[in-house]
Protein chains: 2
Amino acid sequence: MAKAKRVLKWQRDPEGMRIRILEAAKQEFSAHGLAGARVDRIAANAGANKRMLYYHVGNKEDLYLEVLEGAYEQIRAEERTLDLEHLDPPKAIERLIDFTWNYFIRNPEFLALLNTENLAKARHLKRSTKVKSMHSPFVEMIRTVVNRGVESGDFRVAVDPVQLYISIAGLCFFYLSNSATLSVIFGRDLLKKEARDERLAHMVALVLAALTGKSTADFGKPKPAGLRAAAIQPV
Amino acid sequence: MAKAKRVLKWQRDPEGMRIRILEAAKQEFSAHGLAGARVDRIAANAGANKRMLYYHVGNKEDLYLEVLEGAYEQIRAEERTLDLEHLDPPKAIERLIDFTWNYFIRNPEFLALLNTENLAKARHLKRSTKVKSMHSPFVEMIRTVVNRGVESGDFRVAVDPVQLYISIAGLCFFYLSNSATLSVIFGRDLLKKEARDERLAHMVALVLAALTGKSTADFGKPKPAGLRAAAIQPV
DNA sequence: CGAGAAATTAACCCGTTGGATAAATACTGT
DNA sequence: ACAGTATTTATCCAACGGGTTAATTTCTCG
């Protein structure tokens, strides 16, 4: 019997709604920063009413913090799958660089969120119990790799793993996070495939050369001068 | 004849006013970003009326661009005084790192402005004829140093000077620009004197080791484990 | 010294924005 | 089927913030 199904004006979907809100908020905050983000735009992009944000999450800052915490959770989760313990030390470092680089490329919002949070002097992160309790074994993982490398003779010196981690992250982060201004200033597109490949090779070569003392082929390889003769300028 | 000098309500000082406005704007934009900056606050901190901003410079975005251009001009000017040509290659690289590092420390607003501009995808910089015409001989300077180093046998490989510059800038920039979040996450103050000194030594050692193939004493030197046992976590 | 230009102040305008209130609609268990 | 609750929509609003208008004061130069 054709029971005329009544057409609903809307359906309930609290979990889905929450996810859509947080995803929209992530895009908005990473695209415009905390102050530049618009609550109405988040709602619209989440396919929701503005009131929903306050119902499901809280005010703008709560929303922002939740997004930030989510971003940290995500990278921590992926880090845990890295297990560098089974690789020989140089391979492990290469893999670490490769992972960091590609994670940043795949998640440009993460970079923007970190910049936004640093503009705020980590004010929200300090408040977050969640992030502080997310102890990652990452640095210890690196320490182990370095120690193994020294013992095996692959590495010449026992570098501080925290410094090494910051260096690797910095090499990747700065290039990608500042690619817009750098591209203008150097007059070339730093995000195109070839440029990205070249950068990865450079970083791996730089770090491994410093650790092992052996230079790799890719380390040098300056591009033909003509290609970057035009606008050459730093920062 | 006691001519009762009339007390003025205010004095004219267009140049001074302009300077104070731009300085206040630099502080405001670097502290809050473009969207977070408040025109009234800039006026107040410049000891001026809000109308003055529009009279002397233009609207908020004009003001921002002028600040950004000024920041670039300033670092370019200091770069030009570096002349690395007279130093032997390893010393020249060390000096370059040292300069970059200390410039960033002395001018934290510069870092924040760059981040803000990158959040805007370099939208303003692209519009700026000024910055694009500020051709700096900086990269050529680095190229010369590298070439000299290769010829003298100090350096093992001819690294691309653009990559090298981005790497050096990145090592410095990321550490300082992200010091707030990193300090929370690693649970230690990355900006205190000892930490800064340690970082500089690490960067110099890392880059020189990669270039020369000789490791320096400072490269390793991990801190006693107890000092950083507590909260160890990356990014 | 006085008129016109330059610099500065004071007050206002109006769209935007974060947030709040209240009403409507869809579910759920009984 | 229906009462009660969870979820969503529809409006509203007060503060804020960038920008403007108009009047006021100081300076300059003939």
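The values are calculated or read from the model by the stated rules, or taken from the named source; none is laboratory data. The model shown is predicted, which means the values in this text are computed figures rather than measured ones. A quick note on method: Cβ atoms are made from the backbone with ideal geometry, for glycine too, and the neighbour counts reach across all protein chains shown. Note: areas computed on protein heavy atoms with side chains; ligands, DNA, RNA excluded. Shrake-Rupley method; radii C 1.70, N 1.55, O 1.52, S 1.80 Å.
Scanning the range A:150-169 for residues that are open to solvent by 10 Å² or more (accessible area, probe 1.4 Å) and touching a residue at least 60 places away in the same chain (Cβ under 8 Å) turns up A:SER152, A:ASP154. Out of A:LEU164, A:LEU191, one residue alone is assigned to a loop (DSSP other than H, G, I, E, B) and more than 8 Å from chain B (Cβ to nearest Cβ). It is A:LEU191. Do we have B:PHE186 as modelled with pLDDT of 95 or more and not β-branched (Val, Ile, Thr) here? So B:PHE186 fails the test.
Any residue at all in the range A:28-46 that's away from DNA strand C (no atom under 12 Å from the Cβ), without any contact (Cβ under 8 Å) to a residue 40 or more places away in the chain and in contact with a helix residue (DSSP H, G or I) (Cβ under 7 Å, 6 or more places away or on another chain)? There is at least one residue in the range A:28-46 that is away from DNA strand C (no atom under 12 Å from the Cβ), without any contact (Cβ under 8 Å) to a residue 40 or more places away in the chain and in contact with a helix residue (DSSP H, G or I) (Cβ under 7 Å, 6 or more places away or on another chain). Considering B:ALA24, B:ALA48, B:ALA31, the condition of being away from DNA strand D (no atom under 11 Å from the Cβ) and not in a helix (DSSP H, G or I) is satisfied by B:ALA48 alone. Scanning the range B:51-60 for residues that are away from chain A (no Cβ under 14 Å), more than 7 Å from DNA strand C (Cβ to nearest atom), open to solvent by less than 70 Å² (accessible area, probe 1.4 Å) and part of a helix (DSSP H, G or I) yields one hit, B:LEU53.
Applying the criterion of being of a type outside the set (D, E, K, R) and more than 13 Å from DNA strand C (Cβ to nearest atom) to the residues of the range A:1-20, the residue that is modelled with the highest pLDDT is A:ILE19.
Hey, any hits in the range A:103-116 for a residue that's more than 12 Å from chain B (Cβ to nearest Cβ), more than 19 Å from the chain's Cα centre (by Cα), modelled with pLDDT of 95 or more and open to solvent by 30 Å² or more (accessible area, probe 1.4 Å)? For the range A:103-116, residues more than 12 Å from chain B (Cβ to nearest Cβ), more than 19 Å from the chain's Cα centre (by Cα), modelled with pLDDT of 95 or more and open to solvent by 30 Å² or more (accessible area, probe 1.4 Å): absent.
Between A:VAL139, A:VAL131, the distinction of being more than 7 Å from chain B (Cβ to nearest Cβ), open to solvent by less than 10 Å² (accessible area, probe 1.4 Å), under 20 Å from the mean Cα position of the chain (by Cα) and modelled with pLDDT under 95 belongs to A:VAL131 only.
Among the numbered conditions (1) open to solvent by less than 10 Å² (accessible area, probe 1.4 Å); (2) under 30 Å from B:SER133 (Cβ atoms); (3) touching a Ser or Thr at 6+ places or on another chain (Cβ under 8 Å); (4) modelled with pLDDT of 95 or more, the only one that A:GLN233 does not meet is (4). Residues in the range B:13-41 that are among the basic types (Lys, Arg) and either open to solvent by less than 30 Å² (accessible area, probe 1.4 Å) or closer than 15 Å to B:ARG51 by Cα (or both): B:ARG18, B:ARG20, B:ARG38, B:ARG41. B:LEU65 satisfies every condition listed in (1) away from DNA strand D (no atom under 15 Å from the Cβ); (2) assigned to a helix (DSSP H, G or I) except (1). For the range B:170-181, the candidate set comprises residues that are facing another protein chain (nearest Cβ under 7 Å) and open to solvent by less than 10 Å² (accessible area, probe 1.4 Å); within that set, the residue that is nearest to B:TYR103 (Cα to Cα) is B:PHE173. In the range A:71-89, the count of residues that are at pLDDT 95 or above, surrounded by 16 or more Cβ atoms within 10 Å (Cβ to Cβ), within 30 Å of A:PHE138 (Cβ to Cβ) and within 16 Å of DNA strand C (Cβ to nearest atom) is zero.
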